[in-house]
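Comments concern the structure below.
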Amino acid sequence: MTALLQTLRGQPVASRVLERALSEGHVHHAYLFEGQAGVGKELAAFGLAQALVCAQPTLHFACGECSACKRAVPRGEKRLAAHPDVVVLERGLYEPAQIGRKSPETQDISVDQVRTLVLARAAFRAHEDRAKVFIVRAAEELSISAANALLKTLEEPMSGTFFILLSSQPDALLPTIRSRTQRVRFGALSSEVLNELLPNRAVEATGYESFVEGALEAVGAASFGRSLEAGEEMKRLSREGSIDALLAVARKFAAIAKEHANEPSSELWAMRFGLVERAIVALEGNGSPQLVGESLFSRLRRS
């Protein structure tokens, strides 16, 4: 198994920042990884977490082979790690009862989630006595009360506690949150990197043309209907067929990004490619084709 940070592509600046911090043993207690969706922020976050919880690090880098490293790798539809010291926060990720709520989180990351997952653990050592790492997806969705509840712990965390906030809209975060984090910029992926990231297997497009067209229609669509249709179609295709269908979509999006390489829209298509790539990974991690399809097309609709 390879250490996750070694698989990060197309982000030389971010890679150097993190590798230097690890090699010098000066990892900041709070990072803000900023950039469009699908450019590697989440991979880098779990890669840094893996390095911090690794039981047999070499010069502070993850070995990629120990039990801690393997459990730090996100899996399944929700992309969660099995390691107890790698905790993910995200709007709607948990059932209401799990975080002490009566209703789902539909608008933002609630203060209940921060209290349950962060504050309740803040005063305790890591389960496996190395590090506690909190990864906040779409950190701009933190409610005001959640951000304020997180603030003091973010400012004065217990030794061995680390935060990694991910955001495509960093300026939407409270200034007090931004000022307490070290910002790491993730740029748009080049068309060459997009092609490199495509799974190395031939996919016959015949039979998936309508699915690809549906994905193109979903971009910026006004209604949620196409998302539900995609979920039903992926359920019918089964897991392997769904992966092939999404590979066809990924190739189309990569081709469009390459075609518009010198235009601002190229970055948007690269971001959309990243969303499809994440969906493929979720399917390969045993995610439900129907739910993965609905989630992907919903995200494309908002992009």
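The values are calculated or read from the model by the stated rules, or taken from the named source; none is laboratory data. Everything quoted here is computed from the prediction, not taken from an experiment. Here the Cβ is made from the backbone with ideal geometry for all residues, glycine too, and neighbour counts use every protein chain on show.
Let me confirm something: among GLY64, GLY38, which residue is surrounded by 22 or more Cβ atoms within 10 Å (Cβ to Cβ) and over 14 Å from the mean Cα position of the chain (by Cα)?
Values: GLY38 fails: over 14 Å from the mean Cα position of the chain (by Cα).
Going through GLY64, GLY38 in turn, just one is surrounded by 22 or more Cβ atoms within 10 Å (Cβ to Cβ) and over 14 Å from the mean Cα position of the chain (by Cα): GLY64.
Of all residues assigned to the stretch 197-213, at least one qualifies as being over 23 Å from the mean Cα position of the chain (by Cα), under 25 Å from VAL73 (Cα atoms), of a type in the set (D, E, K, R) and not assigned by TED's automatic domain parsing to the domain that holds ALA138.
Yes/no matrix, rows are residues, columns are (1) outside any helix (DSSP H, G or I); (2) acidic (Asp, Glu); (3) at pLDDT below 80:
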residue	(1), (2), (3)
ALA205	yes, no, yes
VAL212	no, no, no
ALA215	no, no, no
GLU240	no, yes, no
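Of the candidates ARG137, ARG121, ARG130, the single residue that is in contact with a Gly (Cβ under 8 Å, 6 or more places away or on another chain) and either buried (at least 21 other Cβ atoms within 10 Å of the Cβ) or not polar (S, T, N, Q) (or both) is ARG130. Of all the listed residues (ALA254, ALA270, ALA172), the sole one being without any contact (Cβ under 8 Å) to a residue 60 or more places away in the chain and either in the same structural domain as ASN148 (by TED's automatic domain parsing) or among the small types (Gly, Ala, Ser) (or both) is ALA172.
With respect to THR7, determine if the residue is farther than 23 Å from ARG180 by Cβ and without any contact (Cβ under 8 Å) to a residue 12 or more places away in the chain. Please lay out each step first, then the result.
Values: farther than 23 Å from ARG180 by Cβ: yes; without any contact (Cβ under 8 Å) to a residue 12 or more places away in the chain: no.
Taking the combined requirement at face value, the residue does not satisfy it.
Please specify each residue of the stretch 222-237 satisfying the condition of being in a helix (DSSP H, G or I) and under 23 Å from the mean Cα position of the chain (by Cα). Correct list: SER227, LEU228, ALA230, GLY231, MET234.
The set of residues in the stretch 10-59 that are polar (S, T, N, Q) and touching a residue at least 40 places away in the same chain (Cβ under 8 Å) comprises GLN11, GLN36, GLN50.
May I ask you to verify whether GLN182 is among the polar types (S, T, N, Q) and within 22 Å of VAL53 (Cβ to Cβ)? Criteria met by GLN182.
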